[in-house]
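What follows is a single structure, written as structure tokens, with notes after it.
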Amino acid sequence: MDAHQDRSLTAPSPPGAQSASPLISLDRMSKRFAGTPAVDDVSLDIARGEFFCLVGASGSGKTTLLRLIAGLEQPDAGRILIDGEDITGRPAYRRPVNMMFQSYALFPHLSVERNVAFGLEEEHRPKAEIRERVRAALDLFDMAGLAARKPHQLSGGQRQRVALARALVKEPKILLLDEPLAALDKKLRERAQSELVALRARVGITFVMVTHDQEEAMRMASRIALMRDGKIVQIGSPSDLYDTPRSRFAADFFGAANLFEGRVTAISETEASVESTEAGATLRARSASSLTIGMPVAVMIRPEQVRVSRETQQADNALRGQIRGLVFLGSTVLCHVGLDGGKIIVVRLSPTEYASAGAPADGESVYLSWPASSARVLTE
Amino acid sequence: MSPKSLSGSRNIRAFTLGLPLGWLILLAFLPCLIVLAISLVEARIGTPPYEPLFTKGSGLLPRINATADNYIRLVTDPLYLDAFLSSIRIAAISSLLTLLLAYPMAYAIARAKKTTRALLLMLVILPFWTSFLIRVYAWTGLLNSNGLINNALVKLGLIAEPLPLLHTDFAVHLGIVYSYLPFMVLPIYAVLEQLDWTLIEAAEDLGASPLKAFWRITLPLSLPGIVAGLLLVFIPAVGEFIIPDLLGGPDTLMVGHLLWTEFFNNHDWPMASALAIALLVLVLTPAMIVYHLRRRGEAAS
């Protein structure tokens, strides 16, 4: 929920990385299962060195898209290019791509060392080279002492590292990660998130990760593709998706959003006025897409962008309401404010902001305000 | 739970464990001891057709009339050794043939859709609904010189004269493979059905072709099923009597059949018993080896 407040683990993508020719290029890919589209006409470019995240609810097609890149599924239509080379139809075992499975899929009858060596043995590398590279991979994850163990003798976190080592030891062009942290408990997961981001920077391999957890995606990704019903809804950096969502769905998926339904009444270059009966007022908000007068749209404002005060404020947008609930979360205070029309607005305040607003109690009347620049007009 | 019902559940446990145990002691272990006793005495003409093991001796202790003669004959007379070697060879070849046939079947069933899986398993088990004896006997009708197979081949003009199919070692192998196929399919299926197929995907992702993935992942992980199946086929096949009797020829030499001859034709109960004990030891050996290997494997993990 408060991903925007947490320090992002990723360094911004190096300038120019986006302009270079893409490492992975999906061209109008479609895949159906028993007539139902799982991936529907998806085109996507991923640049070298990205930490790319595919997010979406279950059934949105994100895992199928990952498996199409891995070659574990073949598309019904469309092409896939890696490094400019068309690899559509090429089986998984002949792609320069490795996958870390959600269940880790460690071979239970082989030791940690043999698991990691598996891919290199399949490449028929010299024995000495295999030994050397396996040791280096295990060292990278501090697993050298556990080389002789079988997978069932390892903890969840150790298994996750072996799965990573096994996929990375082949030095693939792309590492695919299918919910790599889902099996870890919360505490371990947060540490593993930063470790994965640091690892990507260290090995320099492009990572493509699938997750259902928007917060995880925002913490880790350089870019995110949000998926729904087999289509990509929006692609962008975590801040793009959070600050300028294009649809109600995207606004709602990444963090909490207050949405006011209404109709466009006036348009300027960067702003629009939207008359909303839900808000009981005309709201001003920034708009990027082309609008027409009378168009049905929604205005979005994030809970932390709303100011609360006892007196009326001079602002682009100002509404009156009553406090209907207060939740103290330590670092933040969540206020639920009921408007006169009955709509509930969620406001997130820091304890200092709450105090300077006069610490309004439950049931008290308050004024809400925000500048037009922090609100967005959503057309989809 | 009240103490009364606790003791009640203890009684139930004693009953459920005691009943099969009593059954085994009464109907498996004691008969074995009787067979062992008979194998240690000499044959005679009369009823019963063997000397008693214990007779009244001087003083309180009974006299023991034990002799190792039957066992000495077992290892010195080449007939018996040949019969054992031939039995082992026929059972081993048949078990391997059964494995080659059963593995793809079990694999196909395990990878079939859930709904068709039940039907396919049903088809595997279906032959058990008919008597074993009748099913083996039915093969004589198929393999006869004017049986279904020979008639069809002659009519098609593929052969001029009927092939000698029945009463051959070939027919014995065929009979064993046919009769014991389900015993191989079911344990292999049970293992493959539990297999995590993402392991195969992982192997292919790491660069193994489907064939290599099968060889390095699927096959080793289905080894317990293969071993169980081989034991389930080899053990009864070694001592098989009906199949060599109905389908085998005059040259077919198998222990089970020889044992029957000793017992009913030669009335040599002690020799038949010695053969039975030797057969028991023979089939227990691989089972014990597998059991110990598995125990050690479990202890290691």
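All of the numbers you see were taken from the coordinates with simple rules; none came from a lab. Fair warning: this is a prediction, and the values are worked out from it, not measured in the lab. Note: ideal-geometry Cβ built from the backbone for every residue, glycine included; neighbour counts use all protein chains shown.
Over the Cα atoms of the range A:16-174, each weighted equally, I'd like the Debye log10 I(q)/I(0) at q = 0.21 Å⁻¹, rounded to two decimals. With no solvent term, the Cα-only Debye profile gives -1.27. Pairs of Lys residues in the range A:98-201 are counted when their Cα atoms are under 29 angstrom apart and they lie 8 or more places apart or on different chains; the count is 7. Using the Cα coordinates of the range B:1-80, the gyration tensor eigenvalues translate into equivalent-ellipsoid semi-axes of 43, 19, 11 Å, sorted from longest to shortest. On the basis of the beta-carbon distance and an R0 of 51 Å, B:Asp69 and B:Glu193 show a calculated FRET efficiency of 0.50. Under the combined filter of DSSP loop state and at most 16 neighbouring Cβ atoms within 10 Å, the range B:137-208 retains these chymotrypsin sites (Phe, Trp or Tyr not before Pro): B:Trp197.
When its C-alpha radius of gyration is set against 2.2 N^0.38 Å (N residues), chain A gives a value of 1.16. Take the Cα coordinates of the range A:256-378, assign each an equal point scatterer, and use the Debye formula without solvent to give log10 I(q)/I(0) at q = 0.14, 0.23 Å⁻¹. Listed by q, the Debye log ratios stand at -0.56, -1.29. Per residue, the average separation of C-alpha pairs within less than 8 Å and at least 6 apart gives the range A:197-311 a relative contact order of 18 percent. Short-range pairs are left out: with C-alpha atoms under 8 Å and at least six residues apart, the relative contact order of chain A is 16 percent.
Work through the residues other than A:Asp40 whose Cβ is under 9 Å from its Cβ and net out their charges, Lys, Arg +1 and Asp, Glu -1. After counting each charged neighbour, the total is +1. Stretched out straight at 0.36 nm per residue, the stretch from B:Leu27 to B:Ser145 would grow longer than its current Cα-Cα span by 38.2 nm. Of all segments of chain B bounded by trypsin sites (Lys or Arg not before Pro) found in a DSSP loop with no more than 13 other C-beta atoms within 10 Å, the longest spans B:114-301.
If you take the alpha carbon atoms of the protein assembly as shown and fit the smallest convex hull around them, that volume is 308 Å³ per residue. According to the Kirkwood expression over distinct Cα-Cα pairs, how big is the hydrodynamic radius of the range B:115-163, in Å? This gives a value of 12.9 Å. Candidate membrane-span-like segments in chain B, meaning DSSP H helices with Cα atoms spread over at least 18 Å of their own axis and a Kyte-Doolittle mean of 0.0 or above, are B:3-24, B:78-111, B:169-194, B:223-238, B:269-300, with no membrane implied.
Roughly what % of Cα-Cα distances in the range A:152-208 sit above 16 Å, to the whole percent? Tail fraction, whole percent: 41.
Can you tell me, using C-alpha contacts under 8 Å and at least 6 residues apart, the relative contact order of chain B as a whole percent? 24 percent. Using a simple spin-label model with pseudo-atoms 7 Å out from Cα toward Cβ, B:Val154 and B:Tyr291 lie 5.2 nm apart.
GNM on chain A, alpha-carbon springs under 10 angstrom: the most fluctuating residue among A:Ser247, A:Ser30, A:Ser103 is A:Ser103. Once the range B:77-267 is represented by equal point scatterers at the alpha-carbon sites, with solvent omitted, what log10 I(q)/I(0) does the Debye formula produce at q = 0.11 Å⁻¹? One equal scatterer on each Cα of the range B:77-267 leads to -0.63.
Remark: B:Trp260, B:Trp215, B:Trp269 ranked as B:Trp215, B:Trp260, B:Trp269, counting other beta-carbon atoms within 10 Å and listing the fewest first. To the nearest ten degrees, helix A:186-203 and the longest principal axis of the Cα atoms of chain A are 60 degrees apart.
An ellipsoid equivalent to the range B:58-160, defined through the eigenvalues of its Cα gyration tensor, has semi-axes of 45, 26, 16 Å when rounded to whole angstrom and sorted largest first.
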